[in-house]
Amino acid sequence: MNNHAIINQTEQYVYGVFQHDITGHDFYHMRRVARMAKSIAESEGGDPFITEMAGWVHDIGDKKLFEDPKEAHKNLFRFLNEIGVGNDQIEQISSAIKDVSFSKGGIPTTLEGRMVQDADRLDAIGAIGIARTFAYGGANGQIIYDPENQQTSIQHFYDKLLQLKWMMHTKTAKNIAEKRHQYLEDYISRFFEEWGFE
């Protein structure tokens with residue numbers, strides 16, 4: 001099976017896993033990250049195939065999304081093997097997705113992993129990032145904002161989103177992050193302007 005066919009098969013697999021997600025970690029998040037990661041790889045000299053594949057599957061096995069992360073990983077790698085992804089390539093994909101998650105606080109050891117992390121973080125800022133923040137908060141019973149409560153969706157902007165601009169690895173991602181970060185700042189400013197209106 002050629003790389004194009006493998007990507008198509010993986011896309012279908014990911015759709016089956018994430019099609020009903022309501023937390024902002026849905027199929028379309030995976031698609032945006034995969035496409036952005038590939039684009040970054042093409043600009044920065046990474047392996048476009050490994051980077052795109054890792055982008056497609058980067059959230060499989062995430063502990064906040066799966067009851068049994070180890071089983072999810074096992075099923076993923078079995079699937080990749082079945083569609084003809086070589087053992088070396090599976091190892092590269094595995095390495096690339098190992099430390100992508102913001103909550104883990106890690107930096108991927110491979111260039112492809114850092115590109116996927118950049119793509120994932122870019123999807124957490126800007127207009128899409130704002131929408132995903134409130135989707136995740138709502139799905140997990142989190143309120144929008146309360147000045148007396150730190151467990152809110154708005155607090156998430158300060159805990160994570162507004163930090164991401166400075167955490168990009170590649171020049172390509174840093175350039176994209178500038179505009180998206182400004183959108184976050186403008187949104188927060190407008191939010192509090194409207195919140196305080198009486």
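The values are calculated or read from the model by the stated rules, or taken from the named source; none is laboratory data. Because the structure is a prediction, the values reported are computed rather than measured. Counting neighbours? That spans all protein chains shown, and the Cβs are built from the backbone with ideal geometry, glycine included. Protein only, heavy atoms only, side chains kept; ligands, DNA and RNA dropped before computing areas. Shrake-Rupley method; radii C 1.70, N 1.55, O 1.52, S 1.80 Å.
Given the criteria open to solvent by less than 60 Å² (accessible area, probe 1.4 Å) and assigned to a loop (DSSP other than H, G, I, E, B), does GLY24 qualify?
Yes.
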- Message: Regarding segment 167-190, can at least one residue be identified that is under 22 Å from PHE66 (Cβ atoms), surrounded by 12 or more Cβ atoms within 10 Å (Cβ to Cβ) and either at pLDDT 95 or above or not aromatic (Phe, Trp, Tyr) (or both)?
- Response: no
- Query: Taking the stated definitions as given, is ASP59 of a type in the set (D, E, K, R), closer than 19 Å to LYS38 by Cβ and outside any helix (DSSP H, G or I)?
  - Reply: yes
- Item | Single residue of ALA54, ALA139 found to be on the phi < 0 side of the Ramachandran plot, among the aliphatic types (A, V, I, L, M) and open to solvent by less than 10 Å² (accessible area, probe 1.4 Å) | ALA54
- Message: I need the full set of residues from segment 71-129 which are touching a Lys or Arg at 6+ places or on another chain (Cβ under 9 Å) and open to solvent by 50 Å² or more (accessible area, probe 1.4 Å), in order please.
- Response: LYS98, PHE102, SER103, LYS104, ILE107, THR109, ALA127, ILE128
- Message: Can you say whether GLU42 is surrounded by fewer than 16 Cβ atoms within 10 Å (Cβ to Cβ) and over 20 Å from LYS171 (Cα atoms), as far as the supplied structure shows?
- Response: no
- Wholly within segment 82-198, helices (runs of 4 or more DSSP H) carrying at least 3 residues that are acidic (Asp, Glu): 111-122, 171-195
- Item | Tabulated pairs, segment 88-110, first modelled with pLDDT under 90, second open to solvent by 80 Å² or more (accessible area, probe 1.4 Å) and not in a loop (DSSP other than H, G, I, E, B), C-beta under 9 angstrom, 6+ apart or interchain | LYS98/LYS104
